[in-house]
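The values are calculated or read from the model by the stated rules, or taken from the named source; none is laboratory data. This is a predicted model, so every value here is computed, not measured. Backbone-built Cβ (ideal geometry, glycine too); neighbour counts: all protein chains shown. SASA here: full protein model, heavy atoms, side chains in, ligands and nucleic acids out. Shrake-Rupley method; radii C 1.70, N 1.55, O 1.52, S 1.80 Å.
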Amino acid sequence: MASTVTLPLAPLGMGPETGNAVVIHAAISPPRSLILYRAGQAYSAYHRRRQNNSTEADDYEQHILPQDLARTKVESEVVIPEALVLDEVTKDLLDLDPAEWKKQDHYLVLGLSSLRYKATQAQIKKAHQMRALQFHPDKSASTGNSHNETFFKCVQRAYELLTDPVRRPQFDSVDPTISDDIPKARLGSSGQDFFSTYGPVFEREGRFSKKQPVPMLGDMDAPREEMEAFYRFWTQFDSWRSYEYLDKENDQLENREEKRWHEKKNKTERTRLKKEDTKRVSTLVQQAMSADPRIGKYKAMERLEKDKKRLAREAAVKKAESERLCAEEEKRKQALQRAEQEAQVAAEERLRREKIKKEYRLIKRSVREAAKQYNYLLDANSSAPAALARRSAELDLLLENISQDEALELQSVFTSGACDQVQILAAMVEAISGVIAKTPAVASSFTSFTRGADIAARVKQEKQKETDKAQLPAKTQREWTAKELELLIKATNKFPGGTIDRWET
């Protein structure tokens with residue numbers, strides 16, 4: 001079973017005073033290999049991890065790995081190349097004035113004009129050794145060559161400047177052998193002219209970038225993402241280039257104010273040159289973007305894609321519009337068809353109504369003619385012109401207020417030949433009663449037929465009585481004589497229904 005032991009002593013930054021008790025478990029972890037440094041580097045790394053609250057992997061990436069890379073770089077530069085060929089020393093180099101060192105090409109003095117800013121510290125050191133062996137003053141004294149001594153001073157000045165990590169970048173910033181010219185704004189139509197022209201220029205300017213490595217221009221087949229990353233880098237280009245090397249020196253200045261004023265002028269000039277260089281790089285990038293055939297290609301592809309999407313949208317809109325028009329046309333056709341059908345139905349209904357009206361007119365004409373033949377149901381004694389006219393008007397009013405079926409039924413009563421005058425009058429009175437039941441206001445218009453109706457009613461009652469008597473024994477039955485019926489009709493005509501004191505004698 002595992003047990004724990006609390007140690008009395010704790011390393012720096014741990015212990016009860018910090019609230020971190022040291023606890024060691026009896027069970028040990030698997031063995032692993034660790035790098036132990038001399039002079040306390042391992043303990044320093046441990047203490048640093050405790051302070052930064054970081055893991056071993058984070059501490060290695062943030063601190064140890066950069067130190068190892070820097071040390072490897074220095075060691076690689078110290079390595080002396082096997083063969084280093086220096087430039088030949090010409091008479092012009094031997095005639096250089098050490099006092100004019102700012103106007104001299106220090107790489108050419110050391111014989112490294114072919115390498116220039118690419119020369120490593122090891123190559124500079126080797127070139128200095130080779131020049132010293134050839135032009136050292138001690139050797140010049142034996143040969144009697146006075147130029148060697150002055151040239152050796154130039155070699156010493158060049159070596160001091162190019163091995164200085166501050167002054168060498170200042171000289172490289174204004175290297176007179178490297179041009180700052182940028183290509184013309186217009187190039188040929190061939191894409192290869194653009195890449196062969198602008199590629200070396202961007203490579204030349206890339207040496208001044210604070211961020212390394214610098215992306216290359218690429219070629220015509222470079223992906224769009226790579227091209228956009230290239231121009232994004234150069235539009236945000238951050239240059240370390242400076243112009244302190246061009247500062248004007250004046251050793252004759254005596255007081256502090258003059259020196260301060262002279263330094264201010266140099267600073268102003270450096271600022272101006274820096275702005276011009278920034279503007280120059282910006283112009284270079286803008287010209288390259290304008291002349292880059294890939295941008296035109298990708299823009300053309302974008303236009304094609306946009307046109308494709310636009311055409312697709314227009315096609316969709318046209319399709320929707322066509323569908324809408326087709327739907328509207330279909331609705332219009334259906335509406336037109338319905339209208340035609342309704343018009344046809346209306347025409348048929350109109351023809352039917354006209355036919356019914358025509359038939360109705362014929363029926364009414366037939367009823368009128370039949371009523372006229374029956375003398376409008378008046379007897380010979382009551383057939384005065386006024387009475388006939390009144391019966392004709394009431395018949396017309398009746399025919400206008402009854403349906404066709406009722407008129408047809410009334411026609412059958414008149415024309416069947418099976419009904420006598422009393423039955424026809426009863427049918428007329430029944431039809432008038434139906435009209436009065438539906439429209440009571442017209443009751444006062446039917447006075448002639450209602451008077452005959454009372455007579456008909458009494459006749460009907462008498463007939464009913466006769467029917468009842470027929471059902472009685474034969475000894476109790478007696479029929480009305482013709483004289484009695486004639487007297488009854490005259491009485492009802494003289495005293496119609498509704499007459500005051502009708503039953504008084």
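Per-residue SASA remark: T481, around 60 Å² accessible (1.4 Å probe; ligands, DNA and RNA not included). Spacing of the modelled spin labels on L304 and R390, each 7 Å from Cα toward Cβ, amounts to 10.8 nm.
Could you rank W480, W261, W101 by how accessible they are, 1.4 Å probe, largest area first? Can you show the working numbers first?
Numbers: W480 75, W261 150, W101 35 Å².
Final ranking, largest accessible area leading: W261, W480, W101.
So how do C154, C326 rank on accessible area, 1.4 Å probe, biggest first, that is with the largest at the start? The partial results should precede the final answer.
Numbers: C154 0, C326 80 Å².
My answer, sorted largest first, is C326, C154.
Multiplying the residue separation of Q286 and D95 by 0.36 nm and subtracting their alpha-carbon distance yields 64.3 nm.
Taking D221, D175, D181 and ordering them by how much accessible surface each has at a 1.4 Å probe, largest first, produces D221, D181, D175.
Given a 1.4 Å probe, how much area per residue of the range 197-335 is accessible, in Å²? Before the final figure, lay out each step's value.
Numbers: 9960 Å² over 139 residues.
That works out to 72 Å² for each residue.
Rounded, prolate or oblate for the range 195-330? Axes are the square roots of the Cα gyration tensor eigenvalues, ordered a ≥ b ≥ c, and the cut-off for rounded is a/c under 1.5.
Numbers: a/c = 5.77, a/b = 3.07, b/c = 1.88.
In terms of gyration-tensor shape, prolate.
The solvent-accessible area of L304, taken with every protein chain present and a 1.4 Å probe, is close to 120 Å². Surface composition of the range 293-386: carbon and sulfur make up 56 percent of the accessible area, probe 1.4 Å. Shape of the range 189-238 from the C-alpha gyration tensor: oblate (a/c of 1.5 or more and a/b not above b/c, with a ≥ b ≥ c the square roots of its eigenvalues).
Volume per residue of the convex hull around the Cα atoms, evaluated for the range 149-251, comes out as 157 Å³. Taking all protein chains as shown and a probe of 1.4 angstrom, E225 keeps an accessible surface of around 130 Å². Reducing the range 271-345 and the range 154-178 to their Cα centroids gives an inter-centroid distance of 59 Å.
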